[in-house]
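The structure under discussion appears below in the form of structure tokens.
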């Protein structure tokens, strides 16, 4: 499971949704409609947010965290072994970790 999916599942859970049972996206819901299963989908609450919506929210949350606050830098520096890492390194490392999380699981 990628970090984006992990965050998406947490957001869905906080919203009272079960990520695993949601339609993947609006196209998947349309396929259910075309098969005649739309009433089942509506009964399951699949007419609200979709997995793709929660994945978009998770990406937005990660993007918002991309630039660490000075307090975050200090917390990372404080936990590092004495003299082993400089705050400027953390300013470079942290965004790289967020970038990786955003790209993790993408197919090229």
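Bear in mind these aren't lab numbers, they're just calculated from the coordinates by the rules spelled out. Since this is a predicted model, take the numbers as computed values, not measurements. Neighbour counts run over all protein chains shown; Cβ positions are idealised from the backbone, glycine included.
If each residue of separation counts as 0.36 nm, what is the full-extension length gain between residue 85 and residue 14 once their alpha-carbon separation is subtracted?
22.0 nm
Please rank 24, 34, fewest neighbouring Cβ atoms within 10 Å first, as an exposure proxy.
By the 10 Å Cβ count, ascending, the order reads 34, 24.
Would you order 100, 74 from fewest to most other beta-carbon atoms within 10 Å of each residue's own beta-carbon?
By the 10 Å Cβ count, ascending: 100, 74.
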